[in-house]
Amino acid sequence: MTCDVKVKDRVGTINPIFTCQPAGAQFASIGIKDCIGIVHGGQGCVMFVRLLISQHLKESFEIASSSVHEDGAVFGACGRVEEGIDVLLARYPNIRVIPIITTCSTEVIGDDVDGVVTKLEEGLLKEKYADRDIQLLAIHTPSFVGSMVTGYDVAVRDFVKKFAKKGEPNDKINLITGWVNPGDVKELKHLLAEMDIDATVLFEIESFDSPMMPDGSAVSHGNTTIEDLADTANAKATIALNRYEGGKAAQYLEKTFDIPTIIGPTPIGIRNTDSFLHNLKALTGKPIPPSLVRERGVALDALTDLTHMFLADKKVAIYGNPDLVIGLAEFCLDLEMKPVLLLLGDDNASYVDDPRIKALRDNVDYGMEIITNADFWDLENRIKNEGLKLDLILGHSKGRFISIDYDIPMVRVGFPTYDRAGLYRHPVVGYGGAIWLVEQMANALFTDMEHKKNKEWLLNVW
């Protein structure tokens with residue numbers, strides 16, 4: 001039996017797993033304090049993405065649109081950017097950063113967004129807003145290549161490239177989280193605090209699990225500041241948790257400022273969280289404290305309670321962001337499960353060279369397929385027409401109808417998850433995330449056993 005890496009065998013896409021590059025840039029921008037991005041394209045390029053993020057986080061936040069219409073598509077729409085930035089600055093007196101995020105339409109017509117930035121810096125900002133420190137940057141995210149994952153990766157790099165500035169060493173670690181939830185940021189900050197490590201977290205979105213305060217504030221925002229971004233050039237080291245969601249920024253800091261860098265592994269499960277903590281120890285010299293050894297032991301106990309009796313040999317399909325999918329697959333293997341189908345939903349040709357995928361190909365001793373540029377038809381067709389038998393599906397909410405139609409239990413994980421309450425609040429990283437994940441998977445299987453009356457009596461004697 002082998003682990004095969006294949007490209008989707010169809011030209012078209014039927015029900016995509018991912019959305020487009022600008023969505024990733026928008027998600028990155030909301031992690032920065034006093035930042036409102038303006039998406040240069042049609043209103044739908046903001047409206048639908050903002051709805052998706054809002055459904056996922058159940059919070060309100062601010063992203064603007066240049067609202068390009070037919071005339072702009074024909075004659076050019078740079079004027080819409082200039083007008084939009086003027087309106088933003090007049091309406092929001094505290095705004096400090098405005099990324100201009102391009103889309104397929106404005107990239108196709110060739111709008112010179114970099115030239116607009118220069119024009120505004122020499123004109124509008126000096127003439128009308130000279131008393132304010134406003135930073136503009138262009139983020140090029142054409143929708144006809146890549147995906148929301150590459151858009152996020154490009155945006156993080158561009159933010160760091162814009163603001164990172166060499167100064168005095170700060171004795172901090174740069175921690176580039178990737179596309180995570182508020183609960184993940186909270187868990188990562190907990191691990192850092194237990195090891196007494198000071199870190200600049202990119203991006204600080206824990207506050208998107210927003211309290212409802214007496215002042216009536218209803219708009220959420222990230223807490224990574226311009227100063228935090230500037231200080232990334234002065235860190236003692238960088239750890240990017242995900243290869244495809246922040247790897248470009250980590251490589252830029254290493255190349256430009258000679259900062260030692262480690263990329264991955266995504267700290268999902270016991271093994272990868274252990275690696276993350278050992279990397280922190282190697283970079284900082286700080287010991288792993290007994291408190292984290294105990295947390296690890298609690299997680300191991302939780303896994304031991306479930307693995308052999310309920311999870312072993314269960315066949316799993318996983319789809320979503322590549323770092324998440326690979327991390328989940330590695331965790332499932334450690335739980336004696338069998339991830340038989342991994343769906344990576346974009347056209348990144350480098351997946352085949354990913355050392356984690358190479359390790360899967362070298363070590364998996366049963367039939368596994370890894371499909372790149374995949375869509376949901378790749379999952380449904382294997383179930384419906386090719387006889388793929390699954391015990392569990394792991395992925396975001398957009399694949400839930402396959403779970404419903406074919407009566408396969410599913411655990412929601414990744415982005416977006418909007419049909420279950422509060423998932424953004426729970427981590428999938430760290431020892432806490434390992435406990436949450438294994439219990440979610442077990443409970444989904446328990447419910448399925450009861451629903452199908454399949455050895456449900458085991459739950460009486462467990």
### Query
Is the shape of region 304-462 best called rounded, prolate or oblate, per the rule: a/c under 1.5 gives rounded, else a/b larger than b/c gives prolate, else oblate, with a ≥ b ≥ c the square roots of the Cα gyration tensor eigenvalues?
rounded
### Query
Which order results if Met441, Met213, Met309 are arranged by neighbouring Cβ count within 10 Å, fewest first?
Met213, Met309, Met441
#### Entry: Filter on Lys186/Lys315; Lys8/Lys338; Lys314/Lys453; Lys119/Lys248; Lys236/Lys281 - keep pairs with C-alpha separation over 20 Å
Lys186/Lys315; Lys8/Lys338; Lys119/Lys248
### Task
Sequence neighbours fewer than 8 away in the same chain don't count; with that in mind, list the aspartates and glutamates whose C-alpha is under 18 Å from Lys33.
Glu59, Glu62, Asp133, Asp158, Glu204, Glu206, Asp209, Glu227, Asp228, Asp231
### Relative packing of peptides 157-167, 31-41 - highest average C-beta neighbours within 10 Å first
31-41, 157-167
### Task
Could I get the Rg over Rh figure for the chain? Both from C-alpha atoms, Rh via Kirkwood, rounded to two places.
0.98
### Task
Treating only the Cβ atoms of Lys and Arg (+1) and Asp and Glu (-1) as charged, compute the dipole magnitude of the chain about its Cα centre; round to the nearest 20 debye.
540
### Query
Can you list the aspartates and glutamates whose alpha carbon is less than 17 Å from that of Lys128, not counting same-chain residues fewer than 8 positions off?
Glu82, Glu83, Asp86
### Summary
Note on the chain: contact order normalised by length, alpha-carbon pairs under 8 Å, 6 or more apart, percent, works out to 19
#### Entry: Relative contact order %, region 315-399, counting alpha carbon pairs below 8 Å whose residues are six or more apart
39
### Sequence ranges 191-199, 426-434, ranked by mean other-Cβ count within 10 angstrom, highest first
426-434, 191-199
### Message
For a protection proxy built on the mean count of beta-carbon atoms within 10 angstrom, sort 5-17, 129-141 highest first, please.
### Response
129-141, 5-17
### Task
Would you mind counting up the charge near Leu360? Only other residues with Cβ under 15 Å from its Cβ, with Lys and Arg at +1 and Asp and Glu at -1.
-2
### Positive-end extreme of charge dipole, the chain - chosen from Gly433, Gln43, Thr225 (charges on Cβ)
Gly433
### For region 173-287: relative contact order, % (alpha-carbon pairs under 8 angstrom, 6 or more apart)
27
### Task
Return, for the Cα atoms of region 21-146, the radius of gyration and Dmax in Å, separated by a comma.
13.9, 40
### Query
Could you work out the helix-only [θ] at 222 nm for the chain, with each DSSP H run of four or more residues adding -39,500 (n - 2.57) and the total divided by the number of residues, to the nearest 500 deg cm²/dmol?
-13500 deg cm²/dmol
### Listed residue (Ala237, Phe203, Ser291) projecting farthest to the positive dipole end of the chain, Cβ model
Ser291
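Rule-based calculations on the coordinates, nothing more; no lab input. Computed from a predicted model, the values in this text were never measured in an experiment. Note: ideal-geometry Cβ built from the backbone for every residue, glycine included; neighbour counts use all protein chains shown.
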